[in-house]
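The values are calculated or read from the model by the stated rules, or taken from the named source; none is laboratory data. Note that the structure is a prediction, hence the values are computed from the model and not measured. Positions of Cβ are generated from backbone atoms using ideal geometry, with glycine treated the same way; all protein chains shown enter the neighbour counts. Areas reflect the complete protein model, heavy atoms only, side chains present, ligands, DNA and RNA absent. Shrake-Rupley method; radii C 1.70, N 1.55, O 1.52, S 1.80 Å.
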Amino acid sequence: VEPPSYLPGKLKGRFISKAEAKLFGVIGTTVEAGWSTCSVAFTKVAEALNDVLDKAVDKIKELIAKALEPLGNIVKEKFAKLQEAITISNDDLQGKDFDFISRFTPLNKALDDIKNKNGKFADILINLLESIDDMNKCHKYVGYIQYNLGDPDGLIQYIPFLNDLANNHYRLTIAMTDCAYIISRATVRAFIPIVKYLDEACTKFDEKTHKQKLKEACREAGRKLAIDYFSLPSTLRRTTWYCGSYTEKLILSLARETINGIANLIAKFAMQWTPADASSAHNTFVDSLRGPLNEFLNDRVAKWLQCVRRCMQDMISNKFFETIGSVVEDLCNKLDDLCSNLPPPLCDYLKPGSLIKYLFNKLCMNAIVFGVKKLAQPTEKILYCTDEDGGIPKEMDE
């Protein structure tokens, strides 16, 4: 600080020393007092800033939620469409209207014999039962649902579980053929009381007692089905015990569902069969049965083939994910762990590992389902072939 120019020299020197002392004293006092005041002020400012930042983060989170929620819905919608587009299902087996009564020659012959009165109706069904008995030789018929799992390229030396897959598939198809045999016998046995009543109705028909007698015959059919239904775990056990618990449950569920379907078939037939006299009782019997029976057969054949496909798909996927699934799981989990260390709200919303894992699993399952469908086509075609195809499996027709 320069002193005023008008002061004499000595005064000027003294002024400087006093001015300096005063000035620095004031500054020192001010700084000391000021810092204590500033400390409180800064603390208040810091707290205010902290609140502002907290509120800002909440707003940012809210903004992200508002932005992400509609975006998430769009992504879900797009994913649903994508999933629908790329999801490969086994539904192609449904909705067929194939004449399986004609396809299964012994069954078609039995219905023709009833329609043409070629012997006692109960005897006709007993003959049908005997033709079904030959199905207990599962090895003769297993080829109609079994896939060709040959290995001409020698891949088994590089992929050891292929041998396990082939063995498990052969066991599965033997069990499925045995299940078809058991259910076929149960179906024919259930219809024996009904055709016995038909024998009676064709000779002495009474319109007043018809419904009651038909009910009694259907109840007896239901009783026989109930016995077969509750015996399924033990009767199927002979061929399902080495298929694994999951496959065993799937086959048992299919068999139970089929016996329920037979009961519904009988009920549907009974509602449609409304004869007025002995002549119409015989003439309308086969016609009332043919439609529901063929619908039932179409549904069951599709379910049988679908069950074989599903089991094969599960076997392959289990082996596949056992082999490489854990590696993908570890990588995706580590990626999610890395993202979890990001500051919020990114750590709350960013889960790339889960998305990658989902897409990987989805694409792999689609590839497996598609592959099994292609593998199944040559075999499944056999069941749906006609005279024009020139490829009727003789063992089945005999």
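Structure notes:
- Any hit, segment 179-195, residues being modelled with pLDDT of 85 or more and in contact with a Ser or Thr (Cβ under 6 Å, 6 or more places away or on another chain): yes
- Ala281 vs. criteria surrounded by 18 or more Cβ atoms within 10 Å (Cβ to Cβ) and under 23 Å from Thr177 (Cα atoms): no
- For segment 300-324, residues that are closer than 30 Å to Trp273 by Cα and surrounded by fewer than 19 Cβ atoms within 10 Å (Cβ to Cβ) total 1.
A quick yes/no check of all residues on (1) within 20 Å of Ser184 (Cβ to Cβ); (2) in a helix (DSSP H, G or I); (3) among the polar types (S, T, N, Q):
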residue	(1), (2), (3)
Arg238	yes, yes, no
Tyr246	no, yes, no
Leu252	yes, yes, no
Ile266	yes, yes, no
Ser280	no, yes, yes
Phe285	no, yes, no
Gly291	yes, yes, no
Gly325	no, yes, no
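- Selection from segment 104-131 of residues that are open to solvent by less than 20 Å² (accessible area, probe 1.4 Å) and either of a type in the set (Gly, Ala, Ser) or in contact with a Ser or Thr (Cβ under 8 Å, 6 or more places away or on another chain) (or both): Ala110, Ala122
- Residue that is modelled with pLDDT of 85 or more, among the basic types (Lys, Arg) and part of a helix (DSSP H, G or I), where the choices are Lys117, Lys109, Lys140: Lys109
- Checked against (1) modelled with pLDDT of 75 or more; (2) surrounded by 13 or more Cβ atoms within 10 Å (Cβ to Cβ); (3) not aromatic (Phe, Trp, Tyr), Pro345 passes all but a single condition, namely (1).
- Criterion (over 31 Å from the mean Cα position of the chain (by Cα), among the hydroxyl-bearing types (Ser, Thr, Tyr) and either assigned to a loop (DSSP other than H, G, I, E, B) or over 26 Å from Ile316 (Cα atoms) (or both)) met by exactly one of Tyr197, Tyr242: Tyr197
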